[in-house]
Amino acid sequence: MEILIGIVVIALVLIAFIWLTYNQLVTLRERIKEAISSIDVQLKRRIDLIPNLIETVKGYAKHEKQVLENVTNARASLMGAKSPEQKAQANNMLTDTLKSLFAVAEAYPDLKASANFSKLQDELTDTEDKIAYSRQFYNSNVLSYNTKIKMFPTNIVAGQFNFKEEQFFEAEPAAKDPVKVSF
Amino acid sequence: MNIYGQIASNKRKTIFLILGFIAFASVFGYIISLYFDFGLTGLGIFLIIFGIITYISYYNSDKVVLSLSNAKPAKKEQYPQLYSVVENLSIGLGQPIPKIYVIEDSGMNAFATGRDPKNSAVAATTGLLQNLDKQELEGVMAHELSHVQNYDIRLMTIVTILAGSIAIISDFFLRSLIFSGDNDRKNSNGIIIVIAIVAAILAPIAAGLIKLSVSRNREYLADASGALLTRYPEGLASALEKISHHPNISKASHANAHMYIENPFGEKARDFFSKLYSTHPPAKERIKRLRAM
């Protein structure tokens, strides 16, 4: 009889533990989804700003076909990106191509003086800042989730219910070759 | 202590404070009803009035605080940088964007107020916006938003209101004492009269000290969590340096001093009493800690 009670108590404690851990993991995973959607909002805004920018630059510097094309391609691949890793990569590529575009723009005083261009440039900078902050929020959520599912004894529950490690949204490495500009 | 610990501790402290203040108000109310010879009915009426004042002020505190400091809602077109800084930081914290206010004042200061992240507001003086660059402004606003996220604003709001209600009631009692004179009192028990008067004088002082005791150390924590958010402690450090060398804000009163990013009365007024009443650690110490991060 006493053994039976003992077994029941242990079983109840186990069930309670699994229950709580499972719910906690679900909460953490939902937070990551929420965080990625906040990155998506900013990426979308960036994607939407680019056609306008390209039109404006074309008006002043139509010979810079290559640079413009690079931006358009990077934009297209960002639109097609699915996983956080692909999105991060495509976004970094877009950042690079935009850098060359703005570097090229230096050679066109009329373009630089255009109010439309400087407004777009400001908005893009603001969007980049917002992407950086939403990435930071996403990564800190991923960090706490990934740490949690690896820790004992949560890792047992995570393994049973198929909670997989999530990917970070990587910023591009800080030290990079300076953008080459050809005139 | 990390941020989550701080949030939990703030919520705990809030409950203890409310219970403590209820007990405190009951004793104080009972003494006054003894004086007026109302007994338990008097105490009941007193507690109901106290409750109503507290409840109404809790839901309107942010408006009161903002209007007392002469804060006006900031327009996005007029203050694009302030907006983008607050928006960015809120995104980084994953919390809703607070209402943004501006105070026309050449002094440099900022504060946050409200009940929780969903009902919060931040305010900055025009002097602050003019004198700080973007990274410094980001440092200051990250500090303020940390107060919001850590529920410091709720705790401070409740403490301010409770302390305020006690001050109002005791003030009311003391006035009624002056205007009524002693001779028509039914209760002529001298000891009770003395106790009631002493209680009416001491209660607001005690409430004020409780208010101060909860407000000091959190500044360091908000500095730290703000720096964690911007990943750039130097921004706030250099902002604090500028602020502490700048003429002080004129609109601050002692009632809302604890809410500002820097003591609005300046560093010089630091004799014994101002230390006792100081709501902020010295700027030098804060800058030192930020630069050591």
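Read the figures in this text as sums done on the coordinates, not as results from a lab. Everything quoted here is computed from the prediction, not taken from an experiment. Positions of Cβ are backbone-derived with ideal geometry, glycine not excepted, and every protein chain shown enters the neighbour counts.
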_0 to 90° range, to nearest 10: angle between helix A:84-105 axis and chain A longest Cα axis_ = 20
_What do you get for GluC sites (Glu not before Pro) in the range B:102-184 restricted to DSSP loop and a cutoff of at most 14 other Cβ within 10 Å of the site's Cβ?_
B:Glu104
*asked:* Counting only pairs 8 or more residues apart or on different chains, how many lysine pairs in the range B:1-150 have their Cα atoms under 17 Å apart?
replied: 9
*Among the aspartates and glutamates, which have Cα under 13 Å from the Cα of A:Lys148 when same-chain residues fewer than 8 positions away are ignored?*
A:Glu165, A:Glu166
*asked:* List the aspartates and glutamates whose Cα sits under 13 Å from the Cα of A:Lys65, skipping any in the same chain fewer than 8 residues away.
replied: A:Glu55
*asked:* As I understand it, the value is the acute angle between the Cα axis of helix A:2-60 and the longest principal axis of the Cα atoms of chain A; what does it come to in degrees, rounded to 10?
replied: 10
*Please work out the Cα center distance from the range A:1-47 to the range B:216-238, rounded to the nearest Å.*
31
*For a quick protection proxy, order the peptides A:153-163, B:28-38, A:5-15, B:116-126 by their average other-Cβ count within 10 Å, most packed first.*
B:116-126, B:28-38, A:153-163, A:5-15
*Please average, across the residues of A:127-137, the number of beta carbons from any other chain that are within 10 Å of each residue's own beta carbon, and give a whole number.*
5
*Over all residues in B:91-102, what is the mean tally of Cβ atoms on other chains that come within 10 Å of each residue's Cβ?*
3
*With a sphere of radius 12 Å drawn around the Cβ of A:Leu53, what net charge do the other residues whose Cβ falls strictly inside it have (Lys, Arg +1; Asp, Glu -1)?*
0
*Taking the Cβ of B:Ala200 as the centre, find all other residues whose Cβ is under 13 Å away and add up their charges (Lys, Arg: +1; Asp, Glu: -1).*
0
*For residues of B:84-90, the mean tally of beta carbons on other chains within 10 Å*: 4
_Distance from the range A:113-138 to the range B:22-70 (C-alpha centre basis), Å_ = 50
*Take the Cα atoms of the range A:2-160, build their convex hull, and give its volume per residue in Å³.*
99
*Hey, what angle do you get for helix A:65-80 against the long axis of chain A, alpha-carbon based, 0 to 90 degrees rounded to 10?*
20
